[in-house]
Structure formats: C-alpha cells, structure tokens
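The values are calculated or read from the model by the stated rules, or taken from the named source; none is laboratory data. Since the model is a prediction, treat every value here as computed from it, not as a measurement. Heads up, the Cβs are rebuilt from the backbone with ideal geometry, glycines too, and the neighbour counts pull from every protein chain shown.
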Amino acid sequence: MYMADISKTALKNKIKMTIQALGVTPSLEGEHLDFFQEVIARHPECPKWGVPSVIGIRRNPVYYSMEVFGVWPSGTYPVSMDKCVNMKLPSNRADMYEAMRNSIDDQILAYRASCDEHVCVFCKSIERIEVDHIILFSELVKQFMVDRTPPTSFGRNRGSAIVLRPSKFCDEWRAFHGENATFRLLCRTCNGARNVNEKPSVASDGQQP
Ligand SMILES: [Zn+2]
C-alpha cells in the first residue's frame, strides 16, 4: 500500500474498521502488522522512537476504549492514531512543492508551445518570457492538498530533478493542475515584480481566475 494515495478520512476509517474487526490482539501479524507499522511511521515522534516490531490492540485500562500500542525496548506505549493520521511533514514541504512543480513541467511547456507570440502581457516586452500561473501555484497546491496526505518520499527524473513518484497522488495532481491552472506569459521583470500576496488585476488574455 502506498499511504500517500489515501486521504486522511479514508485512512482514519481504515484504522477504525481494522481495530474493530481484529479486536484485542496481543501481537499483530502479516498485513495487519505491515499496515500499523506504516501508520505508526507517520507519527510525528516516530523518527525518535523508531517503528516497533511488535504492535497490538488492547483495551485502555482506564477508559476501556480500544487502543493501538507498540512495544519498544524502553517499554509498551499506546500510540495516538489521530497523530499518525494528521502527520505534519514540515521538513519535506519544500521538497513536496518542488516535486509537484516539476511533475507538471510538460503542461507549462505545452502552454508555452501553444502561444503564437511570446510577449509579456504587462509591458509587451519580448525579452526573457516566462510562463506565469495566474492562480498562484501555491494556491493550487493548497486546494489540491485539502484532505490529502503528503507523499513521504520522492523520485528523480532523468535530469535528476525531484519529482513525484508514479502514483495515484501524482496522476490526480497532474489532472487537477491540468484542469485548474491558468497561465499567461510575463517577462522575467514583471513576473519577479508580482506581489505574491495579491491576485493580479490585469490579465489581458482574459484568463481571469
Ligand atoms: Zn513585462
């Protein structure tokens, strides 16, 4: 299973259903062990603890609710499934942006190729023309990532640029970007001067977001 392909809601449901189906289990085996090892690997503290080789399901002695626990050399501890589901990955956020950008490169090139004239829509310059996202790229990423799990690892393309690994996440991102991204041509000066906090007020190609 590739966790990045599952939404947080779907993962939460799968955890809940699995715990219900298995009931109290002192030591998980096979696919269930694999599954919970992947889940626990998402916990923000997991890099510190390591992934436990023994994982079980028990009733919390105080609350009597079902809980997942891991056995580490230092002891046996319950693991918050919510924290595993809502993992934060600040360390690879930049990688994710870069990978997502590089994974739609062909769409940018296709837009560029489709333009008859390479002229800046603002100043009419023909020098150093770049393709600009009218709806900010970061905004597209933000919309796409609602209820999605960020990928935990990335691949490299032939030019050794960081890219998304072939996955449902990658396919869906490319489709989303293809449907929602709007472009225009800007010279490097105008593109660089664009205030990233503001939606542009001028788009002479009529492609307003
Ligand atoms: Zn310009």
Q | Tally, over segment 160-179, of residues that are surrounded by fewer than 15 Cβ atoms within 10 Å (Cβ to Cβ) and assigned to a helix (DSSP H, G or I) | A | 6
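Do we have Glu130 as of a type outside the set (Gly, Ala, Ser) and in a strand (DSSP E or B) here?
Working: of a type outside the set (Gly, Ala, Ser): yes; in a strand (DSSP E or B): yes.
Here the answer is yes, as Glu130 does meet what is asked.
Among the residues of segment 117-129, are any assigned by TED's automatic domain parsing to the domain that holds Arg165, crowded, with 18+ Cβ neighbours inside 10 Å and without any contact (Cβ under 8 Å) to a residue 60 or more places away in the chain? Even if it seems obvious, please write down each step before you answer.
At the first step, the residues of segment 117-129 found to be assigned by TED's automatic domain parsing to the domain that holds Arg165 are 117-129.
Next cut, crowded, with 18+ Cβ neighbours inside 10 Å only: 120-122, 129.
Next, only the ones that are without any contact (Cβ under 8 Å) to a residue 60 or more places away in the chain stay: 129.
Yes; the residues of segment 117-129 include at least one that is assigned by TED's automatic domain parsing to the domain that holds Arg165, crowded, with 18+ Cβ neighbours inside 10 Å and without any contact (Cβ under 8 Å) to a residue 60 or more places away in the chain.
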Q: Output the number of the condition that Phe122 fails; it satisfies all remaining conditions of (1) over 24 Å from Thr9 (Cα atoms); (2) away from the ligand (no atom under 16 Å from the Cβ); (3) in contact with a helix residue (DSSP H, G or I) (Cβ under 7 Å, 6 or more places away or on another chain); (4) part of a loop (DSSP other than H, G, I, E, B).
A: (2)
(Q) Restricting to segment 59-82, name every residue that is part of a strand (DSSP E or B) and touching a Pro at 6+ places or on another chain (Cβ under 8 Å). (A) Glu67, Val68, Phe69, Gly70, Val71, Trp72
Q. Pairs, please: C-beta under 7 Å, at least 6 apart or cross-chain, first residue farther than 22 Å from Ala94 by Cα and assigned by TED's automatic domain parsing to the domain that holds Val121 and in segment 164-192, second away from the ligand (no atom under 16 Å from the Cβ) and not in a loop (DSSP other than H, G, I, E, B)?
A. Phe183/Tyr111
Q. Any idea how many residues of segment 11-44 are of a type outside the set (Val, Ile, Thr), within 24 Å of the chain's Cα centre (by Cα) and surrounded by 14 or more Cβ atoms within 10 Å (Cβ to Cβ)?
A. 11
**Q.** Any chance Ser114 is in the same structural domain as Phe169 (by TED's automatic domain parsing), free of Cβ contacts under 8 Å to residues at least 12 places away in the same chain and of a type in the set (S, T, N, Q)
**A.** yes
